[in-house]
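All remarks here apply to the structure that follows.
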Ligand code: HEC
Ligand code: HEC
């Protein structure tokens, strides 16, 4: 029999009654039922989970030297304890395990198990796990469109919205607009102007999807330059009049019109 097959009940029974013919004594006179359960749960969490639950993944070759030291977090990975269990229902060790799970395991194991699938667990981004991650390789972000996303980062659903479309045949004015857009606007709107980039997913209201036919219906060059110049009150859309010159605003509007605003809805 594997240790991990040892049921909780069987363990409680042994601790309560002892095991005949062995040094394992009965603790019935020493510990009450709750205490016996507590000690069994501790042993299960720390030792059995530690030894029993290992996987093809958490091995030293994959960088998981001594995976057992994370044992208090195991029940949260396996779903044995729901992550949203009220803290006061957890033992101090389990609370530690939960903290560990949240800081070191949640990125891969996600929420494992929760009692209540609330807003917290919705697929909308509430945090971004890659500390210090930048989709741009160089610090001269402004004028270059780097494509060397690393393999890990590009696995996120955001990354593909951080790559500017390559458009041939832009006029010099539109090229200038491209540089300005990618340096200033892409931060919120995404390089694809969809707003489905990382930062965009946090903003409320979200950045307008400049490629959306409905949202951009009837958009004109004049309206574009006005919005860019004045910004939009009560949103994060800034007013650019103090930042960009009239020519630069014209250029960025020309680029947005040419590359992003759907053609059929264009009035000019
Ligand atoms: C980089 C991704 C990654 C991270 C981080 C990670 N795990 Fe895992 N874990 C996996 C994968 C993949 C498996 C499944 C492996 C398998 O089936 O062989 C797994 C399986 C497990 C299992 C077995 C689950 C079961 O149902 O049998 C446990 C327990 C576990 N992980 C605990 C942890 C703990 C505790 C941490 C944090 C300290 C952690 N893991 C962090 C990827 C990860
Ligand atoms: C700090 C974030 C942020 C930056 C930077 C930003 N925008 Fe916006 N933008 C927004 C948000 C948010 C909205 C949507 C507001 C709404 O829905 O009411 C928006 C809306 C728009 C709209 C739609 C206006 C309309 O009337 O429909 C256009 C066009 C636009 N932005 C262009 C730009 C351009 C061009 C730049 C760069 C010069 C830029 N934005 C920079 C956040 C930003």
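Of these, 203, 232, which one is surrounded by fewer than 20 Cβ atoms within 10 Å (Cβ to Cβ), without any contact (Cβ under 8 Å) to a residue 24 or more places away in the chain, assigned to a loop (DSSP other than H, G, I, E, B) and in the same structural domain as residue 160 (by TED's automatic domain parsing)? Lay out the reasoning, then the answer.
Values: 203 fails: without any contact (Cβ under 8 Å) to a residue 24 or more places away in the chain.
Going through 203, 232 in turn, just one is surrounded by fewer than 20 Cβ atoms within 10 Å (Cβ to Cβ), without any contact (Cβ under 8 Å) to a residue 24 or more places away in the chain, assigned to a loop (DSSP other than H, G, I, E, B) and in the same structural domain as residue 160 (by TED's automatic domain parsing): 232.
If residue 221 satisfies all but one of (1) more than 10 Å from ligand 2 (Cβ to nearest atom); (2) under 12 Å from residue 260 (Cβ atoms), what's the number of the condition it fails?
With (1) more than 10 Å from ligand 2 (Cβ to nearest atom); (2) under 12 Å from residue 260 (Cβ atoms) applied to residue 221, the lone miss is (2).
Which of the residues spanning the range 58-68 are closer than 24 Å to residue 41 by Cα, over 25 Å from the mean Cα position of the chain (by Cα) and in a helix (DSSP H, G or I)?
Answer for the range 58-68, where residues must be closer than 24 Å to residue 41 by Cα, over 25 Å from the mean Cα position of the chain (by Cα) and in a helix (DSSP H, G or I): just 68.
Kindly evaluate residue 266 against the criterion of being more than 23 Å from residue 162 (Cα to Cα) and at pLDDT below 90.
Yes: the conditions hold for residue 266.
Taking the range 70-101 only, how many residues are within 15 Å of ligand 1 (Cβ to nearest atom) and either assigned to a helix (DSSP H, G or I) or outside the structural domain of residue 39 (by TED's automatic domain parsing) (or both)?
18
Within the range 208-216, is there a residue that is assigned to a helix (DSSP H, G or I) and closer than 16 Å to residue 258 by Cβ? Talk me through it step by step, then tell me what you get.
Residues of the range 208-216 assigned to a helix (DSSP H, G or I): none.
Looking through the range 208-216, none of the residues is assigned to a helix (DSSP H, G or I) and closer than 16 Å to residue 258 by Cβ.
For every residue, the table says whether it meets (1) within 16 Å of ligand 2 (Cβ to nearest atom); (2) more than 23 Å from the chain's Cα centre (by Cα); (3) at pLDDT below 55.
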position: 127; (1), (2), (3): no, no, yes
position: 136; (1), (2), (3): yes, no, yes
position: 141; (1), (2), (3): yes, yes, yes
position: 154; (1), (2), (3): no, no, yes
position: 160; (1), (2), (3): no, no, no
position: 171; (1), (2), (3): no, yes, no
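The values are calculated or read from the model by the stated rules, or taken from the named source; none is laboratory data. Because the structure is predicted, anything quoted here is derived from the model rather than measured. Because the Cβ atoms are built from the backbone with ideal geometry, glycine has one as well, and the counts that use them run over all protein chains shown.
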